[in-house]
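Written out below as structure tokens is the structure these notes cover.
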């Protein structure tokens, strides 16, 4: 069953939060990336050309986004689409190396969320002054 924005719905549970369709954590990963970019759900939805409620459902694990939606979200977040494909289980994880500075920061398990946010802010300021 496909949702209005092209993503599969959770037909077996009717979208029940107790039965999420996001076993690989792509929704929570998108949320963390959005928060690190200091972007609202509304703004990301606008940039990715998806509805605000649909993006919210993806972030909460209630909807499974299609590869096309993941591509739009990756572009809006300025991260590689391969990262989201791996998180969504579309591509195998394998020995994949991070391909962007943002991904490397996110992947570092020794940094707190505040430290990650600070590093992303410094990185963004370097890009803006470049």
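Structure data summary
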| quantity | calculated |
| --- | --- |
| From the options 67, 37, residue that is crowded, with 17+ Cβ neighbours inside 10 Å and either touching a strand residue (DSSP E or B) at 6+ places or on another chain (Cβ under 7 Å) or on the phi < 0 side of the Ramachandran plot (or both) | 37 |
| Single residue of 91, 77 found to be free of Cβ contacts under 8 Å to residues at least 12 places away in the same chain and either in contact with a helix residue (DSSP H, G or I) (Cβ under 7 Å, 6 or more places away or on another chain) or under 15 Å from residue 31 (Cβ atoms) (or both) | 91 |
| Some residue of the stretch 37-49 being in contact with a helix residue (DSSP H, G or I) (Cβ under 8 Å, 6 or more places away or on another chain), modelled with pLDDT under 95 and either more than 23 Å from residue 120 (Cβ to Cβ) or part of a helix (DSSP H, G or I) (or both) | no |
| Count - residues of the stretch 60-75 that are at pLDDT 95 or above and under 20 Å from residue 120 (Cβ atoms) | 1 |
| Meets criteria (touching a helix residue (DSSP H, G or I) at 6+ places or on another chain (Cβ under 7 Å), farther than 26 Å from residue 121 by Cβ and part of a helix (DSSP H, G or I)) for residue 54 | no |
| Meets criteria (crowded, with 17+ Cβ neighbours inside 10 Å and touching a strand residue (DSSP E or B) at 6+ places or on another chain (Cβ under 7 Å)) for residue 87 | no |
| Condition broken by residue 118, with the remaining ones in (1) modelled with pLDDT of 90 or more; (2) more than 15 Å from residue 27 (Cβ to Cβ); (3) surrounded by 20 or more Cβ atoms within 10 Å (Cβ to Cβ) satisfied | (3) |
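The values are calculated or read from the model by the stated rules, or taken from the named source; none is laboratory data. Treat the numbers as computed from the prediction; the structure is a model and nothing was measured. Every residue, glycine among them, receives a Cβ derived from its backbone with ideal geometry; neighbour counts consider all protein chains shown.
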